[in-house]
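Down below is the structure, laid out as structure tokens.
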Amino acid sequence: QVHVVESGGGLVQPGGSLSLSCTASGTIFSIYAMAWYRQAPGKQREFLAAITSGGSTNYADSVQGRFTISRDNAKNTVYLQMNSLSPEDTAVYYCNAYYTDYVKGERYDYWGQGTQVTVSS
């Protein structure tokens, strides 16, 4: 069983920065792609950024240039550096570990419980 845990959320002022961390245990972390999502009250969960096992990244347009995803396989950890935060970034942020078995044609997804990020003065 893969166990995913986010940390680093909190209260930050508009224009500020925050770094989130996510650890995934119970598996071979390096083979998993990792992603960050968020969900604001009354809204659907939104994709933010992803990083493959090889280190390739992609971002949602809404965070491109402000957020940076990175990973440290030695620490089984993925990070999300968030800059230039605005109140619209207020949400619960979720970490997703996923692995695609192309032979079986199956994708395995594991989610953390989320961490609250509040941007307010």
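The values are calculated or read from the model by the stated rules, or taken from the named source; none is laboratory data. In this text, all values refer to a predicted model and were calculated from it rather than measured experimentally. Cβ: placed from backbone, ideal geometry, glycine included. Neighbour counts: every protein chain shown. What goes into the accessible areas is simple: the full protein's heavy atoms, side chains included, and nothing from ligands, DNA or RNA. Shrake-Rupley method; radii C 1.70, N 1.55, O 1.52, S 1.80 Å.
Considering the range 48-80 alone, what residues qualify as being farther than 23 Å from residue 14 by Cβ and either part of a strand (DSSP E or B) or touching a residue at least 60 places away in the same chain (Cβ under 8 Å) (or both)?
Keep residues of the range 48-80 that are farther than 23 Å from residue 14 by Cβ, which gives 50-58, 70-78.
Correct list: 50, 51, 57, 58, 70, 71, 72, 77, 78.
Looking at residue 21, is it among the small types (Gly, Ala, Ser) and in contact with a Gly (Cβ under 7 Å, 6 or more places away or on another chain)?
Against the criterion (among the small types (Gly, Ala, Ser) and in contact with a Gly (Cβ under 7 Å, 6 or more places away or on another chain)), residue 21 qualifies.
Name the single residue that is modelled with the lowest pLDDT among those in the range 41-61 being touching a strand residue (DSSP E or B) at 6+ places or on another chain (Cβ under 9 Å), loosely packed, with under 14 Cβ neighbours inside 10 Å and within 22 Å of residue 116 (Cα to Cα).
Checked the range 41-61; the qualifying residue modelled with the lowest pLDDT is 41.
Return the total of residues in the range 1-30 being of a type in the set (S, T, N, Q), under 15 Å from the mean Cα position of the chain (by Cα) and open to solvent by less than 50 Å² (accessible area, probe 1.4 Å).
So the count comes out to 1.
Quickly run through the range 86-102 and pick out the residues that are open to solvent by less than 70 Å² (accessible area, probe 1.4 Å) and not in a helix (DSSP H, G or I).
If the condition is that a residue be open to solvent by less than 70 Å² (accessible area, probe 1.4 Å) and not in a helix (DSSP H, G or I), then 86, 90, 91, 92, 93, 94, 95, 96, 97, 98, 100, 101 are the ones that fit.
Given the criteria touching a strand residue (DSSP E or B) at 6+ places or on another chain (Cβ under 9 Å), open to solvent by 30 Å² or more (accessible area, probe 1.4 Å), within 19 Å of residue 120 (Cα to Cα) and charged (D, E, K, R), does residue 66 qualify?
Working: touching a strand residue (DSSP E or B) at 6+ places or on another chain (Cβ under 9 Å): yes; open to solvent by 30 Å² or more (accessible area, probe 1.4 Å): yes; within 19 Å of residue 120 (Cα to Cα): yes; charged (D, E, K, R): yes.
Spelling it out, residue 66 is indeed touching a strand residue (DSSP E or B) at 6+ places or on another chain (Cβ under 9 Å), open to solvent by 30 Å² or more (accessible area, probe 1.4 Å), within 19 Å of residue 120 (Cα to Cα) and charged (D, E, K, R).
Restricting to the range 103-121, name every residue that is open to solvent by less than 80 Å² (accessible area, probe 1.4 Å), assigned to a strand (DSSP E or B) and not hydroxyl-bearing (Ser, Thr, Tyr).
Our first condition is that a residue be open to solvent by less than 80 Å² (accessible area, probe 1.4 Å); within the range 103-121, this holds for 105, 108-110, 112, 114-115, 117-120.
With assigned to a strand (DSSP E or B) added as a condition, the list becomes 108-110, 115, 117-119.
Hits for the range 103-121 are 109, 117, 119.
When you check residue 74 against the structure, is it surrounded by 17 or more Cβ atoms within 10 Å (Cβ to Cβ), among the small types (Gly, Ala, Ser), more than 24 Å from residue 120 (Cβ to Cβ) and out of contact with any His (no Cβ under 6 Å at 6 or more places or on another chain), yes or no? Even if it seems obvious, please write down each step before you answer.
Numbers: surrounded by 17 or more Cβ atoms within 10 Å (Cβ to Cβ): no; among the small types (Gly, Ala, Ser): yes; more than 24 Å from residue 120 (Cβ to Cβ): yes; out of contact with any His (no Cβ under 6 Å at 6 or more places or on another chain): yes.
So residue 74 does not fit the description; no.
Consider residue 83 carefully, then state whether it is surrounded by 12 or more Cβ atoms within 10 Å (Cβ to Cβ), closer than 13 Å to residue 6 by Cβ and touching a residue at least 12 places away in the same chain (Cβ under 8 Å).
no
For residues that are part of a loop (DSSP other than H, G, I, E, B) and touching a His at 6+ places or on another chain (Cβ under 6 Å), tally how many sit in the range 1-33. Please lay out each step first, then the result.
If we filter the range 1-33 for residues that are part of a loop (DSSP other than H, G, I, E, B), which is where we start, we get 1-2, 8-9, 13-17, 26-28, 32.
Going one step further and asking which of them are touching a His at 6+ places or on another chain (Cβ under 6 Å), we end up with 26.
Selection size over the range 1-33: 1.
Looking at the range 96-121, I want the residues that are on the phi > 0 side of the Ramachandran plot and have a partner that is buried (at least 16 other Cβ atoms within 10 Å of the Cβ) with Cβ atoms under 6 Å, at least 6 apart or on another chain. Which pairs are those?
Between residues of the range 96-121 that are on the phi > 0 side of the Ramachandran plot and residues that are buried (at least 16 other Cβ atoms within 10 Å of the Cβ), the close pairs are 114/92; 114/94.
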